[in-house]
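A.B. asks: Could you have a look at this structure, given as structure tokens, before my questions?
The values are calculated or read from the model by the stated rules, or taken from the named source; none is laboratory data. These numbers were taken from a predicted model, which means no experiment stands behind them. Neighbour counts are summed over all protein chains in view; Cβ atoms, including those assigned to glycine, are modelled from backbone coordinates with ideal geometry. Surface accessibility is based on the protein's heavy atoms, side chains included, excluding ligands, DNA and RNA. Shrake-Rupley method; radii C 1.70, N 1.55, O 1.52, S 1.80 Å.
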Amino acid sequence: MLIRRATLADVDLVAPQFDLYRQFYQQPPNPEVARQFITERLQRNESVIFVAVDDTSNPPRAAGFVQLFPLFSSTQARPMWLLNDLYVSALYRRNGIGRQLMEKAREHAVENGACVIELVTAAKNRTAQALYEKVGYRRDEEFVRYELGL
């Protein structure tokens with residue numbers, strides 16, 4: 001399994017995985033929306049995506065991806081990252097790919113001087129929570145999260 005930073009040339013690998021990720025969060029299938037969203041993020045340098053590529057398949061196919069969005073910590077006056085999306089295709093689960101993608105995200109954040117990686121997951125997504133805690137993430141017990149739907 002090869003994990004690499006995605007470029008515009010990888011949109012056709014990442015977009016179908018992103019569409020499956022959106023479906024996991026109860027969004028209707030929409031390959032065009034997925035393709036457009038991933039393309040725009042990469043074109044505008046608004047996110048960093050690492051893709052796990054099964055290079056033994058012909059043609060190579062994506063096994064999963066992680067997408068990070070840049071943020072800043074005002075209190076620490078340093079960059080930080082939001083790990084917004086992590087998805088591993090059902091065919092490749094339970095093979096450590098999620099862990100490898102998380103490690104690649106951590107390496108990227110460290111290399112770029114970040115003070116923290118934050119993430120949010122569904123309260124019922126116990127599988128993801130177990131992975132996050134296994135690789136060192138801690139549940140925030142200090143702050144309450146709010147959101148304003150628009």
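A.B. asks: Pairs under 6 Å by beta carbon, first residue without any contact (Cβ under 8 Å) to a residue 60 or more places away in the chain in region 124-150, partner open to solvent by less than 50 Å² (accessible area, probe 1.4 Å), six or more apart or different chains?
C.D. replies: Final answer for the pair search is A128/T121; L131/G98; V135/M102.
A.B. asks: While we're looking at this one, here's another question. Within region 46-64, identify whether any single residue is at pLDDT 95 or above and of a type in the set (S, T, N, Q), and answer yes or no.
C.D. replies: Within region 46-64, one or more residues are at pLDDT 95 or above and of a type in the set (S, T, N, Q).
A.B. asks: On to the next question. Can you tell me how many residues within region 85-111 are exposed (fewer than 15 other Cβ atoms within 10 Å of the Cβ) and outside any loop (DSSP other than H, G, I, E, B)?
C.D. replies: 6
A.B. asks: Give the residues of region 112-150 that are acidic (D, E) and assigned to a helix (DSSP H, G or I), sorted by residue number.
C.D. replies: Selection gives E133 alone.
A.B. asks: What single numbered condition from (1) open to solvent by less than 70 Å² (accessible area, probe 1.4 Å); (2) touching a helix residue (DSSP H, G or I) at 6+ places or on another chain (Cβ under 8 Å) fails to hold for N125?
C.D. replies: Condition (2) is where N125 drops out.
A.B. asks: For E147, are the conditions met, namely being over 19 Å from M1 (Cβ atoms), modelled with pLDDT under 95 and open to solvent by 100 Å² or more (accessible area, probe 1.4 Å)?
C.D. replies: yes
A.B. asks: Within region 1-82, considering only strands (runs of 3 or more DSSP E) that don't extend past its boundaries, which have at least 1 residues that are over 20 Å from T121 (Cα atoms), among the basic types (K, R) and open to solvent by 40 Å² or more (accessible area, probe 1.4 Å)?
C.D. replies: Working: elements: 2-5, 48-54, 61-73.
Once the strands (runs of 3 or more DSSP E) in region 1-82 are filtered for at least 1 residues that are over 20 Å from T121 (Cα atoms), among the basic types (K, R) and open to solvent by 40 Å² or more (accessible area, probe 1.4 Å), what remains is 2-5, 61-73.
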